[in-house]
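The values are calculated or read from the model by the stated rules, or taken from the named source; none is laboratory data. Note that the coordinates shown come from a computational prediction; the quantities given were computed from them, not determined experimentally. No Cβ is skipped: glycine too gets one built from the backbone with ideal geometry, and neighbour counts run over all protein chains shown.
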Amino acid sequence: MELQRIIPALFTQSEDSPVRSRDATLYLLRCIFLMGVRKPPAKFFVAYVLWSIALNFCSTFYQPIGFLTGYISHLSEFSPGEFLTSLQVAFNAWSCSTKVLIVWALVKRFDEANAILDEMDKRLTEPGERLQVHRAVSLSNRIFFFFMAVYMVYATNTFLSAIFIGRPPYQNYYPFLDWRSSRLHLALQAGLEYFAMAGACFQDVCVDCYPVNFVLVLRAHMSIFAERLRRLGTDPSESTEQRFERLVECIHDHKAILRFVNCLRPVISGTIFVQFLVVGLVLGFTLINIVLFANLGSAIAALSFMAAVLLETTPFCILCNYLTEDCYILSDALFHSNWIDGQRRYRSTVMYFLQKLQQPITFMAMDIFPISVGTNISVTKFSFSVFTLVKQMNIAEKLAKSDEDD
């Protein structure tokens, strides 16, 4: 199959194939490299630096400024629908730029996390264990491409919808360009805005999907680890010393899992916190636009934008809940292993290890609130509060009336 030859990590390998958990982030890390936030390769140093400057200047640094300057310069020329379309994206663009800077500062932690995954892979000896990781790797990469498709569909839909009505998608401010003056200026501004937004969406995929990619393969290792714990003490041919060595190996496995989590924790804490701050406002403005102002083309673009915004936090929050349950499964697995007949040293070590396993793995958003489905629902519900506030204050009707008067 041609596609399998081009992107092999998208498909589940056979159980006899060597296991590489780091392949779960293969395409993610390649795209992060294309974001221009990695060390420039010696062979293409100049080309990489120029590309990094172009992409990050347009998408990371100038785009948030362009939105704000555009509002200041031409606020009276926006229709209500255009203003809300631009505003909902502006908030997300500001948050995206912040998340990109966080990942830029901590990008080496991804390499450290993959090095820990390599350590975990050495413990996989059974065909069933390798197959479990292969499935997690392929699922992780499929989710990454799904994220990319949703985000790019939004950018393209918005661009095409705006071109159809003869206006730039967001009406950002660009010096020396006045899209009202000629078709050439309109084409140039629309092209610049599309390049900046497509670049921002590309960046957003990377900074939003990396927690899902890493945690999916972590859950596969935790499931295998649980089976390893259940088998402790069940081999009658093991000596007392060998039995204790197996337990110590499992303790080292658990330490590797905790090191992996601690390696990613600062990056996840920062990026998810930023997204939690804006998701309610962004979804609120999008709902107002869809219900009150959007035509068919802009409604489709707004719906794809809403799907992209929900993807930024929801899948990872769900995985965090599953991760907590996985920790309880680990403690149950150790408790149900054959430890009662062990020697005193073995039993006391099991008791200490059991206490450690009962401490669930959790991620916090800047140590302020837990990253979970409950928190995600709470911040998402804020969008309905924004929508209700606008309705009660008749802001939408006033904007529409003002637009008709103009």
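Consider Met351 carefully, then state whether it is surrounded by fewer than 15 Cβ atoms within 10 Å (Cβ to Cβ) and within 30 Å of Tyr154 (Cα to Cα). Quick ask: steps written out before the conclusion?
Working: surrounded by fewer than 15 Cβ atoms within 10 Å (Cβ to Cβ): yes; within 30 Å of Tyr154 (Cα to Cα): no.
So Met351 fails the test.
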* Structure fact -> Within region 359-374, the residues that are buried (at least 19 other Cβ atoms within 10 Å of the Cβ) and part of a helix (DSSP H, G or I) are none
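Conditions (1) under 16 Å from the mean Cα position of the chain (by Cα); (2) within 30 Å of Ile288 (Cα to Cα); (3) not aliphatic (A, V, I, L, M), marked per residue:
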position: Thr313; (1), (2), (3): yes, yes, yes
position: Glu325; (1), (2), (3): no, no, yes
position: Gln343; (1), (2), (3): no, no, yes
position: Met351; (1), (2), (3): no, no, no
position: Phe363; (1), (2), (3): yes, no, yes
position: Ile368; (1), (2), (3): no, yes, no
position: Ser372; (1), (2), (3): yes, yes, yes
position: Asn376; (1), (2), (3): yes, yes, yes
position: Val379; (1), (2), (3): no, yes, no
* Asked: Say we look at region 135-173 and pick out the residues that are out of contact with any Gly (no Cβ under 6 Å at 6 or more places or on another chain), surrounded by fewer than 19 Cβ atoms within 10 Å (Cβ to Cβ) and in a loop (DSSP other than H, G, I, E, B); which of these is modelled with the lowest pLDDT?
  -> Ile165
* Pick from region 13-55 the residues that are polar (S, T, N, Q), out of contact with any Ser or Thr (no Cβ under 9 Å at 6 or more places or on another chain) and in contact (Cβ under 8 Å) with a residue 24 or more places away in the chain: which of them is nearest to Val205 (Cα to Cα)? -> Ser21
* Those residues that are modelled with pLDDT of 75 or more and surrounded by 21 or more Cβ atoms within 10 Å (Cβ to Cβ), I need them from region 68-90; list them, please. => Ala90
* Considering every residue within region 198-219, establish whether at least one is farther than 30 Å from Arg259 by Cα, among the hydrophobic types (A, V, I, L, M, F, W, C) and out of contact with any Ser or Thr (no Cβ under 6 Å at 6 or more places or on another chain). => yes
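Give Ala136, Ala162 a once-over and let me know the one that is of a type in the set (A, V, I, L, M) and more than 23 Å from Gly199 (Cβ to Cβ). Write out each step before concluding.
Details: Ala162 fails: more than 23 Å from Gly199 (Cβ to Cβ).
The unique qualifying residue is Ala136.
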* Asked: Quick one: what pairs do we get from region 1-12, first residue surrounded by fewer than 15 Cβ atoms within 10 Å (Cβ to Cβ), second assigned to a loop (DSSP other than H, G, I, E, B) and not small (Gly, Ala, Ser), C-beta under 6 Å, 6+ apart or different chains?
  -> Gln4/Phe11
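Report yes if Thr60 is at pLDDT below 90 and surrounded by 15 or more Cβ atoms within 10 Å (Cβ to Cβ), otherwise no.
On the way: at pLDDT below 90: yes; surrounded by 15 or more Cβ atoms within 10 Å (Cβ to Cβ): yes.
It is true that Thr60 is at pLDDT below 90 and surrounded by 15 or more Cβ atoms within 10 Å (Cβ to Cβ).
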